[in-house]
Amino acid sequence: MFPFRRLRDILLAPSATWLQIAEETTDARTLYTAFLLPLATLAALAAWFGLSVVGYTVDGAAVHLSPLGGLLNAATSLVLSLVAIHLLARFADRLAPNFGGQSDRLDALRLIAYSSSAALLGGVFAAVPTWAGLGLAPTLYSALILARGIPVLMRSNPERTLSYTAILMIAALALGTINGAILAALR
């Protein structure tokens, strides 16, 4: 069952929730199957609906992907989202010692997974392609959630949180750009 309470808590009270998460022993498999997969699937289905049912405009012409084409795009989006989270978590883990923190793969994955909640949830805006840009606000909120979690989970120097967060957000932007280019090529 999807942990709605965890989602609510990380979105509404991230500082207190990070302290709870630091005490837990959630494994990677559970994190992917019970938390990330449902959120990423919701975003992918919203994109399918937006691209196949609602459609979008290119040079004044309405464009709709076929249901199968939209499904392929959604499945690819889902996989790319999970891969990006994995890669970003690996990067966060490797960066930790550079910011006075401790390398811990599982904590890095939990950091990136839970801090990505708002951005993944913001993927629902893709259900109406003209609203897709509204997904930027939840993504920026994810950066704030990330900044609150870095010193707790990675045990890094709190004074270096801003630079640690900035580097991770630049990496996330790069991964998002790559993912976007791959998805655009499929349309």
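Where nothing but the Cβ of Lys and Arg (+1) and of Asp and Glu (-1) is charged, how large is the charge dipole of the chain around its Cα centre, in debye to the nearest 20?
That gives the chain a dipole magnitude of about 60 debye.
Tell me the carbon and sulfur percent of the accessible area for the chain, rounded to whole percent, probe radius 1.4 Å.
With neighbouring chains kept in place, the figure for the chain is 69 percent.
What's the FRET efficiency of Ile167 with Ser15 using the Cβ-Cβ distance as r and R₀ = 22 Å, to the nearest 0.05?
It comes out at approximately 0.55.
Output the 0 to 90 degree angle, nearest 10, between the alpha-carbon long axis of helix 67-95 and the longest principal axis computed from the alpha carbons of the chain.
Approximately 20 degrees, to the nearest ten.
Given the C-alpha atoms of the chain, compute the convex hull and give its volume per residue in Å³.
Hull volume normalised by residue count: 109 Å³.
Taking region 91-187 as the region of interest, what is the percent of Cα-Cα pairs per 5 angstrom bin, listed from the shortest bin to the one with the maximum distance?
In order of increasing distance, the bins hold 3, 14, 21, 24, 16, 11, 7, 4, 1 percent.
How far is helix 37-48 tilted off the main Cα axis of the chain, in degrees rounded to 10, range 0 to 90?
30
For the chain, find the longest principal axis of its Cα atoms and tell me its angle to the long axis of helix 136-153, 0 to 90°, nearest 10.
20
What are the ³J(HN,Hα) values, in whole Hz, obtained from phi via the Karplus relation 6.51 cos²θ - 1.76 cosθ + 1.60 with θ = phi - 60°, for each residue of region 24-33 in sequence order, with x given for Gly and Pro?
Once θ is set to phi - 60°, the couplings for region 24-33 become 8, 10, 4, 8, 4, 4, 5, 4, 5, 6 Hz.
The values are calculated or read from the model by the stated rules, or taken from the named source; none is laboratory data. All values reported here derive from a predicted model rather than from experimental measurement. A quick note on method: Cβ atoms are made from the backbone with ideal geometry, for glycine too, and the neighbour counts reach across all protein chains shown. Keep in mind that these areas ignore ligands, DNA and RNA; they rest on the heavy atoms of the full protein, side chains included. Shrake-Rupley method; radii C 1.70, N 1.55, O 1.52, S 1.80 Å.
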